[in-house]
Amino acid sequence: MGEPRRIVIVGTGLAGATAAGALRDKGYTGEVLMLGQEAHRPYELPALSKGILLGQTDEPDWVHDEDTYARRDIELRLSTVVSEIRLAAHEVVSEDGTHHPFDRLLLATGSQPRRPVMTGVHLDGLHLLRTLDDARALRAELDAGRRVVIVGAGWIGCEVAAAARRNGCEVTVVEPMPLPLYRILGDTIAEVFHDLHAEEGVTWKLGVGVFGFTGDEAGRVTGVSLDDGSELPSDVTVVAVGAAPRVELAHAAGLELAGAVSGGGLDVDECLRTSAPDVYAAGDIAAHAHPRYGHRVRVEHWATAKDQGAHVAGNLLGGAEPYTASPYFFSDQYDLGLEFRGIADPMADELVVRGDLRAREFIAFWVRGDEVRGALNVNMWDDGDALSALVDGDIRVDRTKLADGDLASLVG
Ligand SMILES: Cc1cc2nc3c(=O)[nH]c(=O)nc-3n(C[C@H](O)[C@H](O)[C@H](O)COP(=O)(O)OP(=O)(O)OC[C@H]3O[C@@H](n4cnc5c(N)ncnc54)[C@H](O)[C@@H]3O)c2cc1C
């Protein structure tokens, strides 16, 4: 496989923009064309549910400086939706009818927030959070004293709740599970987040589903009706019930998709190649045959988008290097900061805790057999390298040392 003359990247998010920069870092001198639906140049999403909602900044972290694209000869076409991939012709077509030929294609179309099918879900004023414009619109409504109802207590729901409380809003979070982040962290650790938000003044409505949304005569959302027949009046309503990979284009082109059970997304092999020659994928859409886990892994995290974007550049240029990094995630809520490494099943794996849950300074390990599958450090920052080594390596686990010993000695 020789070096391509023209590489097209669909999606101007973190994965796509990192890949474009990495192509130039590797000395690639051919054409690089980025096509993206967004009107803004590529930016990172984490600040959207943190600094921007808190009013600390109006700007996200931009992936590259504004002048980088011209300076590095990366053609960036914003506000451009790609509507078709023609595999046989080796081209994509944008909605304005323009044909864009490629030698290699990178699909980095990310995810979009799920909009549940229920009454009132299309009422005006209902907030979903994915883009910079979404975050700015939500921020503009988070004035002190307003009643904010958030549907969904995953990471984004929890971060929005924290920001809204810090802005002085009255916040209620509705979640059908018994605790926030329950499926991700299991009951013992989820309890920590429950208590944190409760102490900060969030009202939890747990173990109850949402029936629909109510509106006024002008068609604006004014409340959330729950499965138990009650209704929560709201001035600001946010739906944060997860995201779905944007695979419509790939699906229409006949590329192989991963099954819903394994998290959906676009099937890619160890090297991030799709089922079609010359077509690759990275970031939120990529359901990757992960060599460490022996099954497909699709990760909706910042680090994966960035690392896969950088990694896939080498393979777009003819390399065949497997992508092997374990997932890594971070979150900030009030004064709590955390990092999560690996893939754990808190319903099945054994939990080992080091530190103090009540003080919210601890590391939680999820252990399967004699391996650490996942590690969550909360307000403890000194052992990152050891945690990565434990999650990545074939290291036999001594549970006593995990709980209370020298972690560095475990990883050699
Ligand atoms: C509010 C928020 C906060 C987050 N905070 C954290 C965090 O704290 N820590 C963490 O680890 N992760 C966080 N994440 C997740 C992380 O940011 C994402 O996993 C990452 O940005 C995914 O990057 P991506 O490039 O794959 O997709 P995206 O960033 O979604 O980019 C995909 C781009 O493709 C474009 N696109 C899609 N279809 C087309 C088309 N047909 N034509 C043209 N363009 C198209 C989209 O408009 C979009 O710009 C957060 C996500 C959100 C939404």
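The values are calculated or read from the model by the stated rules, or taken from the named source; none is laboratory data. Please read these numbers as outputs of a predicted model, since none were measured by experiment. So basically every Cβ, Gly included, is an ideal-geometry build from the backbone, and we count neighbours across all protein chains shown.
Please determine, by comparing only the residues of segment 1-15 that are surrounded by fewer than 23 Cβ atoms within 10 Å (Cβ to Cβ) and of a type outside the set (Asp, Glu), which one is nearest to the ligand (Cβ to nearest atom).
6
Taking the condition of being part of a loop (DSSP other than H, G, I, E, B) and touching a residue at least 60 places away in the same chain (Cβ under 8 Å), how many residues in segment 96-110 meet it?
So the answer is 5.
What's the total number of residues in segment 16-42 that are near the ligand (Cβ under 10 Å from one of its atoms) and over 17 Å from residue 66 (Cα atoms)?
1
Restricting to segment 276-288, name every residue that is closer than 17 Å to residue 108 by Cβ and either assigned to a loop (DSSP other than H, G, I, E, B) or of a type in the set (Lys, Arg) (or both).
Those that are closer than 17 Å to residue 108 by Cβ and either assigned to a loop (DSSP other than H, G, I, E, B) or of a type in the set (Lys, Arg) (or both): 276, 278, 282.
Over 20 Å from residue 24 (Cβ atoms), aliphatic (A, V, I, L, M) and either in contact (Cβ under 8 Å) with a residue 12 or more places away in the chain or surrounded by 15 or more Cβ atoms within 10 Å (Cβ to Cβ) (or both): is that true of residue 63 in this structure?
So residue 63 fails the test.
Determine whether segment 242-249 contains at least one residue that is of a type in the set (D, E, K, R), more than 13 Å from the ligand (Cβ to nearest atom) and loosely packed, with under 14 Cβ neighbours inside 10 Å.
No - not one qualifying residue is present in segment 242-249.
Only one of these is within 15 Å of the ligand (Cβ to nearest atom) and modelled with pLDDT of 95 or more: 64, 90. Name it.
64
If the requirement is being in contact (Cβ under 8 Å) with a residue 60 or more places away in the chain, farther than 30 Å from residue 14 by Cβ and surrounded by 15 or more Cβ atoms within 10 Å (Cβ to Cβ), which of these qualifies: 317, 357?
Testing whether each residue is in contact (Cβ under 8 Å) with a residue 60 or more places away in the chain, farther than 30 Å from residue 14 by Cβ and surrounded by 15 or more Cβ atoms within 10 Å (Cβ to Cβ) leaves just 357.
Test residue 289 against the criterion of being buried (at least 19 other Cβ atoms within 10 Å of the Cβ), under 15 Å from residue 19 (Cβ atoms) and under 21 Å from the mean Cα position of the chain (by Cα), and give yes or no.
It is false that residue 289 is buried (at least 19 other Cβ atoms within 10 Å of the Cβ), under 15 Å from residue 19 (Cβ atoms) and under 21 Å from the mean Cα position of the chain (by Cα).
Considering every residue within segment 177-193, establish whether at least one is outside the structural domain of residue 302 (by TED's automatic domain parsing), charged (D, E, K, R) and over 23 Å from the mean Cα position of the chain (by Cα).
Checking segment 177-193: not a single residue is outside the structural domain of residue 302 (by TED's automatic domain parsing), charged (D, E, K, R) and over 23 Å from the mean Cα position of the chain (by Cα).
Among (1) in contact with a strand residue (DSSP E or B) (Cβ under 7 Å, 6 or more places away or on another chain); (2) within 15 Å of the ligand (Cβ to nearest atom), which single condition is residue 103 missing?
Evaluating residue 103 over (1) in contact with a strand residue (DSSP E or B) (Cβ under 7 Å, 6 or more places away or on another chain); (2) within 15 Å of the ligand (Cβ to nearest atom) leaves (2) as the failure.
Can residue 47 be described as among the hydrophobic types (A, V, I, L, M, F, W, C) and assigned to a helix (DSSP H, G or I)?
For residue 47, the condition - among the hydrophobic types (A, V, I, L, M, F, W, C) and assigned to a helix (DSSP H, G or I) - is met.
In segment 289-315, which residue that is in contact with a Leu (Cβ under 8 Å, 6 or more places away or on another chain) and over 14 Å from residue 110 (Cα atoms) is nearest to the ligand (Cβ to nearest atom)?
The selected residue is 312.
Output the number of residues of segment 21-37 satisfying the condition of being buried (at least 16 other Cβ atoms within 10 Å of the Cβ) and out of contact with any helix residue (DSSP H, G or I) (no Cβ under 8 Å at 6 or more places or on another chain).
Selection size over segment 21-37: 5.
If residue 374 satisfies every condition in (1) more than 29 Å from residue 47 (Cβ to Cβ); (2) of a type outside the set (A, V, I, L, M, F, W, C); (3) within 16 Å of the ligand (Cβ to nearest atom) but one, which is the exception?
Going through (1) more than 29 Å from residue 47 (Cβ to Cβ); (2) of a type outside the set (A, V, I, L, M, F, W, C); (3) within 16 Å of the ligand (Cβ to nearest atom) one by one, residue 374 breaks only (1).
Being surrounded by fewer than 17 Cβ atoms within 10 Å (Cβ to Cβ), assigned to a loop (DSSP other than H, G, I, E, B) and in contact with a strand residue (DSSP E or B) (Cβ under 8 Å, 6 or more places away or on another chain) is the filter here; which residues of segment 79-95 pass it?
Those that are surrounded by fewer than 17 Cβ atoms within 10 Å (Cβ to Cβ), assigned to a loop (DSSP other than H, G, I, E, B) and in contact with a strand residue (DSSP E or B) (Cβ under 8 Å, 6 or more places away or on another chain): 81, 89, 95.
Sort out which residues of segment 259-275 are among the aliphatic types (A, V, I, L, M) and not in a loop (DSSP other than H, G, I, E, B), and write them in order of number.
Of everything in segment 259-275, those that are among the aliphatic types (A, V, I, L, M) and not in a loop (DSSP other than H, G, I, E, B) turn out to be 260, 261, 266, 268.
Show me the strands (runs of 3 or more DSSP E) found entirely inside segment 303-387 where at least 2 residues are aromatic (Phe, Trp, Tyr) and out of contact with any Pro (no Cβ under 9 Å at 6 or more places or on another chain).
328-333, 361-368
Scan segment 143-155 for residues that are in contact with a strand residue (DSSP E or B) (Cβ under 8 Å, 6 or more places away or on another chain) and surrounded by fewer than 24 Cβ atoms within 10 Å (Cβ to Cβ) and jot them down.
145, 146, 147, 155
Within segment 253-276, is even one residue modelled with pLDDT of 95 or more, small (Gly, Ala, Ser) and touching a Phe, Trp or Tyr at 6+ places or on another chain (Cβ under 9 Å)?
Checking segment 253-276: not a single residue is modelled with pLDDT of 95 or more, small (Gly, Ala, Ser) and touching a Phe, Trp or Tyr at 6+ places or on another chain (Cβ under 9 Å).
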